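Remarks on the structure that follows.
The values are calculated or read from the model by the stated rules, or taken from the named source; none is laboratory data. Keep in mind that what you see is a predicted model, and the values were worked out from it rather than measured. Note: ideal-geometry Cβ built from the backbone for every residue, glycine included; neighbour counts use all protein chains shown.
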Amino acid sequence: MYDHSTENEVLLPRQAVEEMTGFSRAFIYKLISDPMLEFPRPVRIGAAVRWRQSDVQSWIRAQI
């Protein structure tokens, strides 16, 4: 069954996440590895990883 709740979801490459957050690659992965910081984990698509834009935006709003 097709999940319509993700129909308009945008998947971001790491570089876009770096631009949105102002964080480096190393710091993003450090945030992911720390369960207290709850940074969104990427989803794997083949060999690539992408972040759900909505997850990153929600995390940013929660930090403000």
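Of note:
- Meets criteria (assigned to a helix (DSSP H, G or I) and modelled with pLDDT under 95) for Ser5: yes
- Residue within the range 9-30 that is touching a Pro at 6+ places or on another chain (Cβ under 6 Å) and aromatic (Phe, Trp, Tyr) present: no
- Residue pairs whose Cβ atoms lie under 9 Å apart, sitting 6 or more positions apart in sequence or on different chains, and linking a residue in the range 36-64 that is within 14 Å of Leu12 (Cα to Cα) to a partner that is of a type in the set (Phe, Trp, Tyr) and assigned to a strand (DSSP E or B), are Pro40/Trp51; Arg41/Trp51; Pro42/Trp51; Val43/Trp51.
- Filtering the range 23-49 to residues that are in contact with a helix residue (DSSP H, G or I) (Cβ under 8 Å, 6 or more places away or on another chain) and modelled with pLDDT of 95 or more leaves Phe23, Ser24, Arg25, Ile28, Phe39, Pro40, Arg41, Pro42, Val49.
- The residue that is surrounded by the most Cβ atoms within 10 Å (Cβ to Cβ), among those in the range 18-64 that are assigned to a helix (DSSP H, G or I) and of a type in the set (Lys, Arg), is Lys30.
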